[in-house]
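Notes to accompany the following structure.
Taken together, the values in this text are just the output of simple stated rules run on the coordinates, not laboratory data. Computed from a predicted structure; not experimentally measured. Cβ atoms come from the backbone with ideal geometry, glycine included; neighbour counts cover every protein chain shown.
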Amino acid sequence: MTTRITSLIHTSTTSILRLALLSSLVTAAPLFAADGAATNHSAHEQAPATLVQQVRAGTKQYIDVNAATAAGYGPFLGCVAGTDHGAMGVHYVNATLLGNLTLDPSQPQALIYEPSNGKMTLVGVEFILDSASWLAANNNTPPVLDGQVFTFVDAPNRFNINSFFELHVWAWRDNPQGAFVDWNNHVTCDGQ
């Protein structure tokens, strides 16, 4: 009986958390053109462009993938392509940052690179936080960075890891779906 009650409480809490996340998501922020100028591709995009600018400023030293590896980032799982559209690219994860609860635009837990003819081009970043640790340390409220609410990824998941919160920021490559959407149609794994 206690196990069933605990399961029901967990299910209800998870449902409430998902509902809170969904209701607070406004969708994507203004995108950036190749020259870095903000462009708003959709009338429903209302998130501030400042987070994209902050991430660009904070991660410009990682444009060269060698600088990223020297700073403790390493490739994880190869190039990630969508099953029906777009891709993410190759995630270079920093295990030290992954182990803490950092919410700093200049210290993402993962840098994302697009492979092309033996070169890696920085296209975005991903903030990744263990959900149990975050919720325990933050009064059961989901993470928010500069007004952008993180997405909750439950377990089991395709990475076979515990549930987590994540936020993609396409600071270095325009995304037609929005600057904070997981998949980017302007990123490909074809050049690996």
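Couple of notes before you dig in:
- Picking from residues in segment 120-153 that are surrounded by fewer than 16 Cβ atoms within 10 Å (Cβ to Cβ) and more than 15 Å from the chain's Cα centre (by Cα), the one that is farthest from Gln192 (Cα to Cα) is Asn139.
- Residue in segment 91-119 that is surrounded by the most Cβ atoms within 10 Å (Cβ to Cβ), counting only those that are farther than 14 Å from Val169 by Cα and β-branched (Val, Ile, Thr): Val93
- Annotation note: of Val123, Val181, Val93, Val80, the sole residue that is assigned to a loop (DSSP other than H, G, I, E, B) and aliphatic (A, V, I, L, M) is Val181.
- Take the conditions (1) under 22 Å from Asp64 (Cα atoms); (2) outside any strand (DSSP E or B); (3) touching a strand residue (DSSP E or B) at 6+ places or on another chain (Cβ under 6 Å); (4) among the hydrophobic types (A, V, I, L, M, F, W, C); Leu103 misses just one of them, which is (1).
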